[in-house]
Amino acid sequence: MATGADVRDILELGGPEGDAASGTISKKDIINPDKKKSKKSSETLTFKRPEGMHREVYALLYSDKKDAPPLLPSDTGQGYRTVKAKLGSKKVRPWKWMPFTNPARKDGAMFFHWRRAAEEGKDYPFARFNKTVQVPVYSEQEYQLYLHDDAWTKAETDHLFDLSRRFDLRFVVIHDRYDHQQFKKRSVEDLKERYYHICAKLANVRAVPGTDLKIPVFDAGHERRRKEQLERLYNRTPEQVAEEEYLLQELRKIEARKKEREKRSQDLQKLITAADTTAEQRRTERKAPKKKLPQKKEAEKPAVPETAGIKFPDFKSAGVTLRSQRMKLPSSVGQKKIKALEQMLLELGVELSPTPTEELVHMFNELRSDLVLLYELKQACANCEYELQMLRHRHEALARAGVLGGPRKRRESASSSSSVKKAKKP
C-alpha cells in the first residue's frame with residue numbers, strides 16, 4: 001500500500017516540513033547522504049512600488065529584516081555624502097596679507113592681497129602680460145633732416161607720437177583724443193599715414209648696411225576708397241539690393257547658358273569629326289583591293305567596323321552564336337533614338353528585321369549607324385538654329401530699346417558731317 005510520502009517521492013515533490021522530524025527517508029537523503037539539509041529561509045516580505053512614487057522615496061521604506069531604520073539622523077559614512085578630505089601630517093603653508101605694486105601702472109599705486117609667505121618680495125605675477133608697443137623716438141636734428149613736412153608741424157607730430165605711446169597705436173582712440181582745436185582737423189587715415197611714414201623713414205636712416213629691413217607700409221588712398229565703398233554698400237536702398245540680387249541671378253543664368261552652349265559646340269565638333277573619320281575610312285576601304293581569305297579568318301574578322309553612330313559588339317568569344325544577334329542594338333542607344341531610327345527605316349521602306357545573311361547584317365548595321373549619326377547632327381543643327389534665332393531676337397530688342405547702335409550711329413553721323421565739311425571746302 002503506497003503512502004503519501006511514496007507518491008511525493010515518485011513525483012519528486014518536496015515533503016512537508018515535518019518529514020525530517022517524523023524520520024521518513026526521501027530520495028535526496030539516499031543520493032546525497034553526506035550533505036546537510038539546507039534550511040529554507042522564510043520568504044521575505046516584498047512590496048511592489050506604488051504607482052507614482054519615485055524610486056528614491058521607495059528605497060527609503062523599510063522592507064527587509066535588517067536593523068530597523070533609525071528614528072534620529074545618524075552619520076554612517078554611506079549614502080550621498082561626500083568623503084571627507086584626508087589631510088596629511090604636514091604643516092599648512094602660511095599665507096600673508098601683503099602689499100604689492102603693479103609695474104604696468106606709472107602712478108605707484110599700492111594694493112594688498114593674500115599671498116604665500118614664501119613669495120614675499122617677488123614681482124607681481126601678472127605683470128608679464130603687460131605688453132607695450134615700442135614707438136620710435138626721434139631727435140630735433142633727425143626731424144629737421146629727414147622728417148620735415150610742410151603739411152605737418154613739429155608740435156603736431158610730437159602730439160601724435162605722444163598719443164600713440166599713451167594709447168598703444170589704437171588710432172580710433174587717438175583720433176578721438178586728438179586736439180583738433182589747437183591743430184588742423186585730421187582723419188584716421190591722415191594720422192596713420194603720418195605715423196607709418198615717419199617709422200619707415202627712421203628705419204631706413206638707422207638701418208645698418210646689409211641688413212634686411214621690414215619697413216611698415218600704409219596705403220592711405222586704398223583705405224579711404226575701402227571705407228567709401230563700405231559706406232556706399234551700407235547706405236543702399238532696398239530697391240538697389242533687390243536689383244543687385246536680380247542682376248546676380250541673371251549673371252548665373254548667362255554663365256549656365258554659356259557652359260551649355262560650349263558643351264553643345266564640343267559635342268557637335270565631335271560628331272563632325274566622327275563623321276569625317278567614318279567617311280575617310282569608307283573611302284579607304286573601297287580603294288583597298290579585296291582579297292579572298294579562308295573561312296577560318298573570316299570568322300575571326302569583326303562583323304561591323306567601328307562607326308560614329310552606333311558601336312555594335314563583336315562576337316569574338318568561342319562558341320556558337322546566331323548571326324541575328326549582331327543586329328541587336330546595344331544598351332547604350334536610348335529609347336528616343338530607337339524610335340527615331342525605326343521611323344526613319346519605315347520611311348526608307350527597309351524592314352526592321354531583315355534576313356540575317358553575312359553581307360546583309362554588315363550593310364544593315366552600317367545603315368542604322370549612319371541614320372543615328374544623321375539624327376544626332378539634325379538635333380545639333382536644330383539647337384544651333386534655335387540659339388541663333390534667340391540671339392537675333394534679343395539683338396533686335398536691344399536695338400529697338402536704343403542700347404545698341406547708339407555709339408555707332410553717332411560715329412556714322414560724325415563721319416558723315418566731317419565728309420560734308422570736306423566736300424564743302426574748295
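Tabulated values for the structure
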| item | result |
| --- | --- |
| Criterion (surrounded by 11 or more Cβ atoms within 10 Å (Cβ to Cβ), assigned by the TED database to the domain that holds PRO216 and either in contact with a Cys (Cβ under 8 Å, 6 or more places away or on another chain) or within 21 Å of ASP219 (Cβ to Cβ) (or both)) met by exactly one of ASP168, ASP158, ASP162, ASP190 | ASP190 |
| Residues that are part of a helix (DSSP H, G or I), acidic (Asp, Glu) and in contact (Cβ under 8 Å) with a residue 12 or more places away in the chain, drawn from the stretch 173-209 | GLU189, ASP190, GLU193 |
| Candidates LEU360, LEU352 - the one that is touching a helix residue (DSSP H, G or I) at 6+ places or on another chain (Cβ under 7 Å) and modelled with pLDDT of 75 or more | LEU352 |
| Selected residue (criterion: least open to solvent (accessible area, probe 1.4 Å)) from residues of the stretch 222-235 that are more than 31 Å from the chain's Cα centre (by Cα) and within 12 Å of VAL188 (Cα to Cα) | GLU223 |
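Yes/no per residue for (1) assigned to a helix (DSSP H, G or I); (2) at pLDDT below 95; (3) under 22 Å from GLU387 (Cβ atoms); (4) open to solvent by less than 90 Å² (accessible area, probe 1.4 Å):
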residue	(1), (2), (3), (4)
THR211	no, yes, no, yes
LYS214	no, yes, no, no
PHE218	no, yes, no, yes
TYR246	yes, yes, no, no
GLN249	yes, yes, yes, no
GLU255	yes, yes, yes, no
ASP267	yes, yes, yes, yes
LEU271	yes, yes, yes, yes
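Residues are listed down the side, and each one gets a yes or a no for (1) in the same structural domain as ARG261 (by the TED database); (2) closer than 24 Å to GLN269 by Cα; (3) open to solvent by 70 Å² or more (accessible area, probe 1.4 Å); (4) in a helix (DSSP H, G or I):
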position: GLN343; (1), (2), (3), (4): no, no, yes, yes
position: ASN365; (1), (2), (3), (4): no, yes, no, yes
position: LEU371; (1), (2), (3), (4): no, yes, no, yes
position: LEU374; (1), (2), (3), (4): no, yes, yes, yes
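The values are calculated or read from the model by the stated rules, or taken from the named source; none is laboratory data. Here the structure is a predicted model, which means the values were calculated and not measured. Note: ideal-geometry Cβ built from the backbone for every residue, glycine included; neighbour counts use all protein chains shown. With ligands, DNA and RNA removed, areas are computed over all heavy atoms of the protein, side chains included. Shrake-Rupley method; radii C 1.70, N 1.55, O 1.52, S 1.80 Å.
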